[in-house]
Amino acid sequence: MIDLRDILSKIQQEAISIIQEEVPVQFDNSQQTPLGFRWRGNHYEVLKPLLVSKGAGGHLHYLLLTSGGVFCLSLVRDNEDSPFCRSRWVLRYRVKIDDSAGGSGKGASLPDCAGQVTFSLPRGASKLVVPLPLLNVAYYHGHLCPELAVGYRAALVAQRELSLTRESAHKFFVLAENMTSAIDALQYVTGCTIGNQNFFAYDLGKHVYYFGRLAAGFEPQEVLRVALISTAVDLGHVGEIEERIVAGEAGGAEVEKYQRAVDRAVQEILDLPEEKLFSISRVLLRSPWVVSRRRYARCCSCGEVVAVEKSVLGEDGLLCQVCAAKAI
Ligand SMILES: [Zn+2]
Ligand SMILES: [Zn+2]
C-alpha cells in the first residue's frame, strides 16, 4: 500500500529531486487526468493520480504515482488572466523513494498499489479524505460541500447500474428533484448537462434522482431512481454560524467550527455504505420531451431575439414571454 501522508511529509521535508523541465503529456480530458509523460527518453505511465491541487495563478499541480516513481507535474498557464492562453506541462520534481532517513516507519514501497486509493486535501489541518474525481468536481463547483458529495455518490450509482459515462451521456437523461450543489456534481460526472438538454432539475427540495435512456415516443420506460435516505447532509446544527458567516460577522474560530462540520458531513457521506445513503429502485417514467431551440425571431415589442418555440403570438407578431406578460 502507498501511504499518501508519507509522501506528503517527504515533500514537506523536501526529500525531492527538482526537475523543472517542460515535458510532453498524454492527457485524458474526460477524466481530467494525465495518463503518462515522456522525460529524458523514457515513457512514464501514470498508475494512480494521488492528488490534484490548484496553486496560485490557477496552475494545476498533479502528484502522480507512475511506473517510475512519484512525480509532481504542473499544468502552467503562460497568462494567468486568460483561460484561452497557451498551457504547458512542467515536470517539477520527483519524490525520493529511498527511505534511509527513517521516520515514516513503514517505508514507502511504491509498487503494488492497485486497489482503491484515497486522497487527502491539502487544506491546513483538515483530515478530509476524498477520491480524486470528487476533487475535480470540487474545482469545477468552487468548493467541497455535503450536497456535492451526495451528487457525486448518486452519479457513481448511475455509472455502475447503467454504464452512464461522459462518453455515453448523449444516450441518457438525468432528472433531479432539487437545485443544489448536487446537480453540479451530477452534471460533471455523468456528462448529462442542462446545456446539452439531457439534465432536468425541479426544485422539490429532495435528493431524488432519476437516470434513464433517452427514448423516442411517450411510452413510459424503466429508469433508475436514487433517493437520499441519510440525514448526513443536514448542517442545521451550524445554521446560526452559517448565517453569521454570510453576514460577515463570524470570527475565525466560528469559521473553523463550520468548516469542520462541513468536512465531517462530506466524509460521512463518502464513507456511508450505499444502502444506508440511498434507496435505489427502478420505476416507470416517460422520457422528457426535448425541444430543439435553433429557430429564433425578433420580439415585435422589445426587438430582442427570442427562440420561436418559446415566443407567444401577439396581434402584431411574435412576442417574447416578458413582453407578452406586460401586454396583458
Ligand atoms: Zn456547494
Ligand atoms: Zn420582448
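Read-outs throughout are calculated quantities, based only on the coordinates presented, and are distinct from any laboratory measurement. Treat the numbers as computed from the prediction; the structure is a model and nothing was measured. Because the Cβ atoms are built from the backbone with ideal geometry, glycine has one as well, and the counts that use them run over all protein chains shown.
Values for this structure:
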| quantity | calculated |
| --- | --- |
| In Hz, Karplus ³J(HN,Hα) per residue of segment 300-316 (6.51, -1.76, 1.60; θ = phi - 60°; x = Gly, Pro) | 6, 9, 8, x, 7, 7, 9, 4, 4, 5, 9, 9, 10, 7, x, 5, 9 |
| Isotropic mean projected area of the C-alpha convex hull, segment 128-285 (nm²) | 9.8 nm² |
| FRET efficiency, 1/(1 + (r/R0)^6) with R0 22 Å, evaluated for Gln26 and Arg213 via beta carbons | 0.10 |
| Proximal lysines relative to Lys206, as straight alpha-carbon distance under 22 Å, when same-chain residues fewer than 8 apart are discounted | Lys276 |
| Most to least packed among 132-138, 319-325 [average Cβ atoms within 10 Å] | 132-138, 319-325 |
| Semi-axis lengths (Å, descending) of the ellipsoid that matches the C-alpha gyration tensor of segment 3-50 | 22, 16, 9 |
| Mean projected area (nm²) of the alpha-carbon convex hull when segment 239-328 is viewed from all directions | 12.6 nm² |
| Within segment 126-254, percent of DSSP bridges classed antiparallel, to nearest 5 | 75 percent |
| Kirkwood Rh, Cα atoms: Rg over Rh of segment 166-246 | 1.08 |
| Cβ crowding within 10 Å averaged over residues, with 281-291, 219-229 ranked highest first | 219-229, 281-291 |
| Radius, Kirkwood style, for segment 196-241 when every pair of distinct Cα atoms is counted (Å) | 13.8 Å |
| Added length on full extension, which subtracts the Cα-Cα distance from 0.36 nm per residue, Ser53 to Asp234 | 62.4 nm |
